[in-house]
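Asker: Just passing along the structure, written as structure tokens.
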Amino acid sequence: MTKYVSNPVDENGYVDWSDNEHQIWRDLVMRQLELVKARACKEYLAGLEMLDLPLDRVPQLPDINRVLSRETGWKVVPVPALISFDRFFELLANKCFPVATFLRSRDEFDYLQEPDFFHEIFGHCAMLTNPQFAHFTHTYGKLGYESDPKRRSYLARLYWFTVEFGLVKEAQQLKIYGGGILSSPGETIYALDDIDARRNHFDIEQVLRTPYRIDIMQPIYFVLSDIEQLYQLSQLDLIACVDHAMEVGLLPPLFEVKDNQYAK
């Protein structure tokens, strides 16, 4: 369930954002830009420079698409606040990244469980300019679209611990590439600095077997050796990896299980 409703998009792909929404965008971007400069991976920062997101107004989808289409053949498409897994995987399988055209309210400025426009555009689109990341996401979408619900639940953990909450080694330093971190000021600091967070070398079996919760700082992150490792992952028989993970079962959660909707 969601209390948000996506703004309508006209026939040219434009949204008539309100003055209040422009202000929210500006405040979100200005706050987060200072944090990601020293913490995001070089591929994300290069993509952010390509996108050249405006600071004083909410960007428009056609402007984002001109850059993504040129760099990797992807595009962003407007969707309602929530979409089905079928629709999500279908879009990724066709190199379309779903973007809900609403911005969070001031009441939920610091934390929002749902992916809003800021999360999708600022958090994810910069990495979609990178060919290796884009190829991985495309492969992931195709696999998910062809999978049954149980396999999808395991594939969801792969997406969660890479596209959303992934870390990467860069010149012996840890950097962030996951959009779920890069769109969150608190987690941008926590993911790299907090002594309680685990930061494990990326292991596909462990990733597929690790439960997560959507409403907390992540207790564990997985670290790629470099972004090229995402492309290498896309060349594996990932469904065979999923089937093996299903056989051996989930690892014990590293958090208190509130109810079934959060233990994924």
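The values are calculated or read from the model by the stated rules, or taken from the named source; none is laboratory data. The structure presented is a predicted model; accordingly, all values stated were derived computationally and were not measured. Positions of Cβ are backbone-derived with ideal geometry, glycine not excepted, and every protein chain shown enters the neighbour counts.
Asker: Does Glu71 satisfy the criteria of being at pLDDT 95 or above, more than 30 Å from Ile189 (Cβ to Cβ) and out of contact with any strand residue (DSSP E or B) (no Cβ under 8 Å at 6 or more places or on another chain)?
Answerer: Criteria not met by Glu71.
Asker: Let me ask another. So which of Glu34, Glu21 is closer than 20 Å to Ser184 by Cβ, over 17 Å from the mean Cα position of the chain (by Cα) and at pLDDT 95 or above?
Answerer: Selected residue: Glu21, the only one of Glu34, Glu21 that is closer than 20 Å to Ser184 by Cβ, over 17 Å from the mean Cα position of the chain (by Cα) and at pLDDT 95 or above.
Asker: Across the stretch 228-257, what is the total count of residues that are over 17 Å from Ala156 (Cβ atoms), acidic (Asp, Glu) and in contact (Cβ under 8 Å) with a residue 40 or more places away in the chain?
Answerer: Residues meeting the conditions: 1.
Residue by residue, here is whether (1) exposed (fewer than 11 other Cβ atoms within 10 Å of the Cβ); (2) in contact with a Cys (Cβ under 9 Å, 6 or more places away or on another chain); (3) closer than 24 Å to Leu82 by Cα; (4) not hydrophobic (A, V, I, L, M, F, W, C) holds:
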| site | (1), (2), (3), (4) |
| --- | --- |
| Asn7 | no, no, yes, yes |
| Asp16 | yes, no, yes, yes |
| Glu21 | no, no, yes, yes |
| Ile24 | no, no, yes, no |
| Leu28 | no, no, yes, no |
| Ala40 | no, no, no, no |
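Asker: For the condition surrounded by fewer than 18 Cβ atoms within 10 Å (Cβ to Cβ), β-branched (Val, Ile, Thr) and at pLDDT below 95, what is the one hit in Val223, Val248, Val257?
Answerer: Matching residue, one of Val223, Val248, Val257: Val257.
Asker: Here's another thing I want to ask about it. Collect the residues in the stretch 14-46 that are in a helix (DSSP H, G or I) and touching a strand residue (DSSP E or B) at 6+ places or on another chain (Cβ under 7 Å), keeping them in residue-number order.
Answerer: Arg39, Lys42
Asker: Is there a residue being touching a strand residue (DSSP E or B) at 6+ places or on another chain (Cβ under 9 Å) and either surrounded by 14 or more Cβ atoms within 10 Å (Cβ to Cβ) or not β-branched (Val, Ile, Thr) (or both) anywhere in the stretch 208-217?
Answerer: Yes, the stretch 208-217 has at least one match.
Asker: Here's another thing I want to ask about it. Scan the stretch 139-154 for residues that are under 18 Å from Lys95 (Cβ atoms) and either surrounded by 18 or more Cβ atoms within 10 Å (Cβ to Cβ) or touching a strand residue (DSSP E or B) at 6+ places or on another chain (Cβ under 7 Å) (or both) and jot them down.
Answerer: Thr139, Tyr140, Gly141, Leu143, Gly144, Tyr145
Asker: Filter the stretch 90-116 down to the residues that are assigned to a helix (DSSP H, G or I) and among the acidic types (Asp, Glu), then identify the one that is surrounded by the fewest Cβ atoms within 10 Å (Cβ to Cβ).
Answerer: Among those that are assigned to a helix (DSSP H, G or I) and among the acidic types (Asp, Glu), it is Asp107.
Asker: Still on this model: Inspect the stretch 244-260 for any residue being closer than 24 Å to Thr139 by Cα, acidic (Asp, Glu) and not in a helix (DSSP H, G or I) and give the result as yes or no.
Answerer: The answer is no, given that none of the residues of the stretch 244-260 is closer than 24 Å to Thr139 by Cα, acidic (Asp, Glu) and not in a helix (DSSP H, G or I).
Asker: Return only the number of the condition from (1) in contact (Cβ under 8 Å) with a residue 24 or more places away in the chain; (2) farther than 22 Å from Tyr212 by Cβ that Glu114 does not satisfy.
Answerer: So the condition that Glu114 fails would be (2).
Asker: Quick one: which of His135, His119, His124 is buried (at least 21 other Cβ atoms within 10 Å of the Cβ), closer than 21 Å to Ser225 by Cα and not polar (S, T, N, Q)?
Answerer: Only one candidate qualifies: His124.
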